[in-house]
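Worksheet: the structure to be examined is printed underneath.
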Amino acid sequence: PPDGSTVIDNLPDPALNRSYADVGEFIDALGSSRYARRGMVRQAFRFFMGRDEVLADGCTLVEMENALEETGSFFAMVEALISSDTFVRREVGETGDEE
């Protein structure tokens, strides 16, 4: 039977590039990675805003990450987004899409 061990050597976070005995060990390492957490925050931002982040969104992303870190709650992270100026002051473009 498969033993679940693997070697990861191509992730952008160098701390995650190592061998793992099983999937549980990999998930624990991934869960403690700030790089992975920031990726999740960015994906949530992109989903709820309907666009990629830009340099001007930096403060909002930091607020989202801080809310997630302080509470451990995805909902607190989303609340930080929807109460931010980035969300409140978003504009509607010529095609009707939000920008």
- Message: Looking at region 53-68, can you tell me whether even one residue there is touching a Lys or Arg at 6+ places or on another chain (Cβ under 9 Å), open to solvent by 80 Å² or more (accessible area, probe 1.4 Å) and under 23 Å from P12 (Cα atoms)?
- Response: no
- Query: Looking at R37, is it out of contact with any helix residue (DSSP H, G or I) (no Cβ under 6 Å at 6 or more places or on another chain), among the charged types (D, E, K, R), surrounded by 11 or more Cβ atoms within 10 Å (Cβ to Cβ) and closer than 17 Å to L68 by Cβ?
  - Reply: yes
- Note on the structure: Among the residues of region 57-94, the number that are touching a residue at least 12 places away in the same chain (Cβ under 8 Å) and of a type in the set (G, A, S) is 3
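The values are calculated or read from the model by the stated rules, or taken from the named source; none is laboratory data. Remember, predicted model here, so these are calculated numbers, not experimental data. Virtual Cβ from ideal backbone geometry, glycine too; neighbours counted across all protein chains shown. Side chains are part of the model used for accessible areas, which takes the heavy atoms of the whole protein and leaves out ligands, DNA and RNA. Shrake-Rupley method; radii C 1.70, N 1.55, O 1.52, S 1.80 Å.
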